[in-house]
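We did not get these values from a lab; they are worked out from the coordinates using the rules stated. Note that the structure is predicted; figures quoted are calculated from it, not measured. Note that we place each Cβ from the backbone using ideal geometry, even for glycine, and neighbour counts take in every protein chain shown.
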Amino acid sequence: MAIGERRVLEPTDVQPASPPPKVRLGVPWVGATILGVCVIVALIDLATRGGIPDLGALYPEAVRAGEWYRIVTTHFVHGGPIHLVFNMSVVWTLGFSFERFIGSGRFLISSIVSALGASTFVLALSPYPTVGASGMILGWAGAMLPVANAVARRALGLWLVQIAAISLLPFVSWQGHLGGFLFGLACGVCLKLGVFKVAAPFLVAGSVAAVVAAGLL
């Protein structure tokens with residue numbers, strides 16, 4: 001069809017813009033496993049009417065008596081529905097997005113290091129039992145800081161200020177929060193420098209050595 005000297009609906013060399021390719025997000029299997037285990041443990045606790053926290057909580061004296069499994073189980077046990085929902089909501093948002101960003105392998109190592117760091121500080125600085133995944137979660141936040149952009153860093157910093165204030169409340173383990181954050185920050189520095197693959201064995205070995213030393217004090 002022609003309109004004067006202008007033609008429309010005829011072949012042209014100009015190709016229409018193609019839609020951008022779809023980005024396939026990786027499955028955050030580490031974060032999903034953490035979330036699933038925490039929920040299952042909570043359901044078992046509900047069915048047994050509150051017997052799980054005593055079995056899995058991080059009691060410093062129990063660890064020194066030989067119950068080393070508590071340095072791991074403490075991160076999957078929670079003190080009640082509100083505690084569980086709050087922590088799992090952060091696993092769903094912060095944890096899943098961070099795992100997709102750095103990959104499941106790096107996220108797994110960062111989670112292990114952060115969890116052991118949180119347990120280390122509790123054993124070294126707190127006489128009270130602790131439960132919850134928040135120390136490990138604070139480790140993710142610490143690992144994110146060096147690699148986040150300016151906008152994300154400001155939002156993360158604001159969230160960390162709020163968590164710091166909450167950590168000062170009674171019955172909240174500031175020791176676990178601080179330990180997880182600092183050990184996670186070490187992971188983040190290695191990610192930023194591009195040496196994480198080389199540093200990963202040393203990060204894990206160092207965190208294991210730290211928690212064993214704290215447990216033997």
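For the pair the range 52-101 / the range 138-217, the C-alpha centres are spaced 15 Å from each other. Couplings 3J(HN,Hα) for the range 56-66, derived from phi with the Karplus relation 6.51 cos²θ - 1.76 cosθ + 1.60 (θ = phi - 60°), are x, 5, 8, 8, x, 5, 5, 5, 5, 8, x Hz, where x marks Gly and Pro.
Label the range 144-190 by shape, choosing from rounded, prolate and oblate, from the square roots a ≥ b ≥ c of the eigenvalues of the Cα gyration tensor; if a/c is under 1.5 it is rounded, and otherwise prolate applies when a/b is larger than b/c, oblate when it is not. Mind showing how you got there, number by number?
Values: a/c = 5.43, a/b = 1.47, b/c = 3.69.
Judged from the Cα gyration tensor, the range 144-190 comes out oblate (a/c at least 1.5, b/c at or above a/b).
Quick one: putting +1 on the C-beta of Lys and Arg, -1 on the C-beta of Asp and Glu, what dipole do you get for the chain around its Cα centre, in Debye to the nearest 20?
On the way: 13 positive and 8 negative charges, 75 e Å.
Dipole size: approximately 360 debye.
Nearest 0.05, what FRET efficiency do residue 208 and residue 101 give at R0 = 22 Å with Cβ-Cβ as r? Efficiency computed from Cβ-Cβ geometry: 0.30.
Consider all pairwise Cα distances in the range 114-217 and report the whole-number % of them above 16 Å. Summing the P(r) of the range 114-217 above 16 Å gives 57 percent of all pairs. Could you give the longest part of the chain that holds none of the chymotrypsin sites (Phe, Trp or Tyr not before Pro) found in DSSP loops with at most 16 neighbouring Cβ atoms within 10 Å? In short, 70-170.
Work from the charge dipole of the chain (Cβ charges, +1 for Lys and Arg, -1 for Asp and Glu, about the Cα centre) and give the residue of 131, 148, 41 farthest towards its positive end. Value computed over the given set: 148.
Using a/c under 1.5 as the rounded threshold, could you call the chain rounded, prolate or oblate? The axes a ≥ b ≥ c are square roots of the C-alpha gyration tensor eigenvalues, and prolate needs a/b larger than b/c, oblate otherwise. Prolate, since a/c reaches 1.5 and a/b exceeds b/c.
Given the Cα-Cα distance of residue 126 and residue 69 and 0.36 nm per residue of separation, how much length would full extension add, in nm? Please list the in-between numbers first.
On the way: separation 57, 0.36 × 57 = 20.52 nm, distance 1.78 nm.
Result for the pair: 18.7 nm of gain on full extension.
Two tests apply to each whole DSSP H helix in the chain, Cα reach of 27 Å or more along its axis and mean Kyte-Doolittle hydropathy of at least 1.6, and the ones passing both are 196-216.
The Cα atoms of the range 60-101 give a gyration tensor whose axes a ≥ b ≥ c have a/c of 1.5 or more with a/b no greater than b/c, which makes the shape oblate. Normalised by the number of residues in the range 65-154, the average gap of Cα pairs under 8 Å and 6 or more apart makes the relative contact order 43 percent.
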